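First the structure, in the form of structure tokens, and then the observations on it.
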Number of protein chains: 2
Amino acid sequence: MTDNGYTVKPIGVVHSDLAGRQAAPHQGFEGAPYAWVEVNPAVAEGLEGITAGAEIILVTWLHQSRRDQLQVHPRRDLNRPLTGVFATRSPDRPNPIGLHRVRVMEIMGNRLKVGPLEAIEGTPVIDIKPVLPQSADA
Amino acid sequence: MTDNGYTVKPIGVVHSDLAGRQAAPHQGFEGAPYAWVEVNPAVAEGLEGITAGAEIILVTWLHQSRRDQLQVHPRRDLNRPLTGVFATRSPDRPNPIGLHRVRVMEIMGNRLKVGPLEAIEGTPVIDIKPVLPQSADA
């Protein structure tokens, strides 16, 4: 570790019909569409073992977010009190990491069709993890 | 985005009796201890709204990991076939991000007692998120 932090390198990118934040639902289970994740060929062998039908956690970098927000009104509802970003899923947070539990619908080489997914077109993907049946967790 | 990626800055650190990777269970639910998360004072107002008893997702940077591994034997068991890291929870992966679903046991200012947690002493924390009851997901 350095005082300047760590470097995250995208392993892929989201291709979605959602063009921008305004169009995106707050959560995947709120009517989000299916999307394709295109994994960089250089790391595609890391996909070995993922099968259609599996549930995975996509970890994204929410690249359009503000990193200087520490409190927000949840769901941008001004009637809800200011809340610490670590108690919310706001994309605006010091490290704008997104977690998305999705199902793999189809696999074509280095591309995975997944959903429902609220991440917008062009969102960098930084990790993919299996959902562990024992814990049903992140 | 740049070709060089994004910079993640730690928002805190894990204090645990687990001194190193050899001592750590593979998953939190496999007998891991409770630990303290010390959040940097500069971002501590982001904790507002987290309460004792809540379940949260700790997002960590698994700083002792190898980033050049694309396939591993799951659970370091050589009898299990080589598997893509994105189909496993191996800490060795291109971006060594850890996800840990834990319960908040106690809050003292900018410190949270959480567990069970398999992350080792000194692990940087890069984000904290609530578990959403609607999705029971990451």
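Which distances, shortest first and in nm, link A:Gln69 to the matching position in the other copies, using label points set 7 Å out along Cα to C-beta?
Label point to label point, same position, other copies: 3.6 nm.
Over the range B:4-65, what percent of the accessible surface lies on carbon and sulfur atoms, probe 1.4 Å?
With neighbouring chains kept in place, the figure for the range B:4-65 is 48 percent.
Kindly write out, for the range B:50-59 in residue order, the coupling ³J(HN,Hα) from the Karplus curve 6.51 cos²θ - 1.76 cosθ + 1.60 (θ = phi - 60°), rounded to whole Hz, with x marking Gly and Pro.
Residue by residue, the range B:50-59 yields 7, 10, 4, x, 6, 9, 10, 9, 8, 10 Hz.
Just to be sure I understand: if you take the accessible area of chain B alone plus chain A alone and subtract the pair, with a 1.4 Å probe, what total do you get in Å², rounded to 100?
4800
How compact is the protein assembly as shown by the rule of thumb for globular proteins, expressed as Cα Rg over 2.2 N^0.38 Å?
0.95
Averaged per residue, what accessible surface does the range A:12-130 expose to a 1.4 Å probe, in Å²?
Each residue of the range A:12-130 exposes 44 Å² on average to a 1.4 Å probe.
Work out the FRET efficiency for B:Arg75 and B:Asp17 from their Cβ-Cβ distance, taking R0 = 30 Å, and round it to the nearest 0.05.
0.85
Provide B:Asp17, A:Asp92, B:Asp77 ordered by accessible surface of protein heavy atoms (probe 1.4 Å), highest first.
The most accessible residue leads, giving B:Asp17, B:Asp77, A:Asp92.
Using only Cα positions of the range B:12-130, each an equal point scatterer, no hydration layer, compute I(q)/I(0) via Debye at q = 0.09, 0.22 Å⁻¹ and quote the log10 values to two decimals.
For the requested q values the scattering log ratios are -0.25, -1.23.
Based on Cβ point charges of +1 for Lys and Arg and -1 for Asp and Glu, what charge dipole magnitude is obtained for chain A about its Cα centre, in debye rounded to the nearest 20?
Dipole of chain A, to the nearest 20 debye: 380 debye.
I need the inter-copy label distances for B:Arg80: point set 7 Å along Cα to C-beta, values in nm with one decimal, smallest first.
The projected label point of B:Arg80 is separated from its counterparts by 3.7 nm.
Would you kindly derive the ³J(HN,Hα) couplings of the range A:6-11 from the backbone phi angles with the Karplus curve 6.51 cos²θ - 1.76 cosθ + 1.60 (θ = phi - 60°), listing them in order in whole Hz, with x for Gly and Pro?
10, 9, 9, 10, x, 9
What list of ³J(HN,Hα) couplings, whole Hz, do you get for the range A:104-117 from phi and the Karplus terms 6.51, -1.76, 1.60, once you set θ to phi - 60° and write x for glycine and proline?
3J(HN,Hα) across the range A:104-117, in whole Hz: 7, 9, 6, 10, 10, x, 8, 10, 10, 8, 9, x, x, 9.
The values are calculated or read from the model by the stated rules, or taken from the named source; none is laboratory data. Since the structure is predicted, the reported quantities are computational estimates derived from the model, not experimental observations. We place every Cβ from the backbone using ideal geometry, glycine too, and count neighbours over all the protein chains shown. Just the protein is used for accessible areas: all its heavy atoms, side chains included, with ligands, DNA and RNA removed. Shrake-Rupley method; radii C 1.70, N 1.55, O 1.52, S 1.80 Å.
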